Structure formats: structure tokens, C-alpha cells
Amino acid sequence: MKRLAPLLVLAACAVTPDATTVIATSTTTVATTTSTTAAPTTTVAPTTAAPTTTTLVPLQALELVTVAEGLIQPILLLSPPGDERRFVLERTGVISILNDDGTVSTFLDLRDRVNSGGIEQGLLGMAFHPDYADNGRFFAYYYRQGAEQTRLSEFAITDDAAIGDPQSEIEMLTFDKPTTRHNGGMLLFGPDGYLWMSLGEGGKASVNSQDPFRLLSSILRLDVDSGEPFGIPPDNPFADGVAGAPEVWAKGLRNPWRFSIDDDLLYIGDVGHSDYEEIDIVPLDGAPYNFGWLRMEGTHCFQSGCDAVAENLTLPVLEYTHAEGCSVTGGFVYRGQLIPEINGHYFYGDWCGEWVRSFRFENGEVLDHQTRFEDAGQINSFGIDNAGELYVMTYEGEIKQVVGRR
């Protein structure tokens, strides 16, 4: 059994009280405050060797400030490397640029090929190539029209570099779906330069969740700069294809809708089934990982006779019951400059609970876990811009930025 921190697990089948979040070695009730009060004064180190320092006005609270509204289910905000523009994905299949005045300008319209009919279908993820400024390459993941399939594709910008070219699509991977549910959807490039991708088990866990040769219920890791249409990183755990599919980096995930990478750690929000939602955090150099679904839900047996130790399952660092929410939305670690008091804090939320919480993860332990916002809306996703500032996107069509009130 792999663990990053000791967890409250009794024979791998422990039961925790309702309305309780399990963290590290204790059962902790999460605070319900809507704002966070900081230390009286924060001193920011100077960028040069000058003898003076800059003292910030004390932080009074965190607030969510609406920067755009009226969108159709925004599900991601991101920026290309070295680019100050903020790109927004709507589940309908439209990628737009968010202007400073809150309006949007269309960058790419994929509605002619995206099926957004169900609540878990649509345009689900996007990532810009690390060298986007030079090569104009980017990647999108969506649910197809006319087929029970999801697809990962590469796109390019138009010749004048103004917008995305819908005719440039190169199909990379197509996934047959047993149902329309549990599609995963996150794409991002890691510090290794490879494309990382999350896939749910497609609503058929008994077939997909524990079979390493099946791509569903997995984190995939792809080399988009070699091979046609991609290559396999040589250090992928099943790169030779003998013990599992070469693309697979980790297994045993129910629906890892959103994940992120920070400081060589992978943070995953995995949506639970009957009782528990979970956050998994693992080092990038420890694959393969098996996060346990369908054998376990959180730190608890979902199937009888599960044994996390014998089956070498990786347990979550945090879980909470469905008395608190029903669908976790993984977020990002804050690395912005505007609110240094929360630097290094990981933010996540729940679609049903409509709250946003955060914690620091240090030396394998969850610290300073607290509720930041109680009524944030139905949280579709989080986003970050190139300055490291954090955003929340809601089902109601809003984009909100986390800001500090001083």
C-alpha cells in the first residue's frame, strides 16, 4: 500500500462519521467561515539586494470577484506559456479569449463536432504546447457528436496566428464509451514536457477500473513531440506494453475530472460513488499508482475483501462524506503574487456543496485545511493564469477571481 501520509484506516475498511473530513491521522471537522483572516503584516522579499522591504497592507479576507458572466457552463481557464491572455472553455464547444472588460472573443468554435447534450459531455479539456508561441499547437478533449466516444485531438492556429483553425484537427486518440458518464477531462503539460490526461472509467468500473491494459480509469502520459500522432515516454511504467498499456501512468480512478501538478506532485480530485469524495496527491516519480477504485472508495472497501496493503493501493490524503458534497472538483496550488499569504495552498471545491476549501501539503501532511467560501456556486472547475492567479468557474456561467481584501 502506498501512502504519502498516515490515514485513518481500520483494516482498510474503516467507517467515518457523517459530515466529517478525514485528513492525515485524525478526523477533522472543517471550519465554515466564508473568509480568511491573515497574519497582521506580510513582508515581501525584495527582488534585488536593496536594503529596503515592501510591507503589504494586512490581508482582511479572501473574496470572489466576478470577472465574467453570461457564459454557457465555463469549464476551464488557462493561458498559453508566456502569454498574458486568458482563454476560457465553454462546455458547448467554444474556446474564447477573456477580455479585460469581461467580454469574450471567440478563438475556436467546435460546436459542429462536440456533443454537449448531457451534463458530463461536451468540450472537456484543453492544453497549450509548451512552445505554443513558436509552433501554435494546442490540444483539446471532447465528447463527439454522432458517436458514443470521446476524442483527444491536436489543433493549430491560423496562418495569421489570430485564432484556432478548426480544419487543422489531427485525431490522436478516440475512446469508446460504455455510457456518457465519467469522462475525466483534464489536459496539461507537466514539467517533463509530456502531455498528461485524465480519463474516468466511463460508467463501467467493473471492466475498466482495474485493468491496466484499458485506457479508461487512468492518468495517461504522452509524448506529443515524437511518433505519429504521439510517442510513449520511455519511463512510463508500462512503456514496453507487457504489463499494461504503454500510455497508462496510473489506474483505479472513478472520474478524475480535474488534476494539477505543482512542485513535482500530482494533485487529483477523484469523484466518488456512494459515500466519499477524495483528493489524491502523489510524487511524479513513483508510478505506477493504483488509486483503488472499484476495490475501494476513498479509504473504505467498496468491494468486500479489499486489502489496500496486499493490493498495493494508493490511498487519498483527504476524503469527505456526501453529507458535505457529492462531486469534488480538483483545483490548483496558488502561486500568484497578489496574495502571498496563501502561496502554496491547494484550492478545491464541490459541485453540490458549492464551497471552496484549501490546504497546504507539506512533508506528506495536510495542513491548514479550511473552508474559504461557502456559497461559491456550482463549481464546474478552477483555472489559473500565467501570473498564477486563481479563478473559479460555475455552472451558472460565471468566472470569479480569488482576490485579497486589504
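About its Cα centre, the chain has a charge dipole of approximately 620 debye under the convention of +1 per Lys or Arg Cβ and -1 per Asp or Glu Cβ, with nothing else charged. Spin-label model, D285/A243: points 7 Å from Cα along the beta carbon direction are separated by 1.9 nm. Only helices enter the 222 nm calculation for the chain: every DSSP H run of n ≥ 4 contributes -39,500 (n - 2.57), and dividing by all residues gives -500 deg cm²/dmol, rounded to 500. Shape summary: region 113-255 maps onto an equivalent ellipsoid whose semi-axes, from the alpha-carbon gyration tensor, are 25, 20, 11 Å in decreasing order.
Here is the tail figure for region 21-405: Cα pairs spaced more than 26 Å apart come to 51 percent of all pairs.
Length available on full extension from S274 to A61: 0.36 nm per residue minus the Cα-Cα distance, which gives 73.2 nm. The distance linking region 315-334 with region 167-240 is 23 Å (Cα centroid to Cα centroid, whole angstrom). Stretching the chain fully between D225 and L338 yields a gain of 37.2 nm (0.36 nm per residue, less the alpha carbon separation). Our coupling estimate for region 341-349, obtained by passing each phi through the Karplus curve with A = 6.51, B = -1.76, C = 1.60 and θ = phi - 60°, is 5, 10, 4, x, 8, 8, 10, 8, x Hz, Gly and Pro reported as x. Between amide H atoms placed 1.01 Å from N, distances below 5 Å from A61 occur with R405, all of them 5 or more places distant or on a separate chain.
Please report the relative contact order for the chain, taking Cα pairs under 8 Å with a sequence separation of at least 6, and give it as a percent rounded to a whole number. Relative contact order comes out at 19 percent.
We did not get these values from a lab; they are worked out from the coordinates using the rules stated. Bear in mind that the values here come from a model prediction, so they are computed numbers and not experimental data. Using ideal geometry, Cβ is built from the backbone for each residue, glycine included, and neighbour counts are taken over all protein chains shown.
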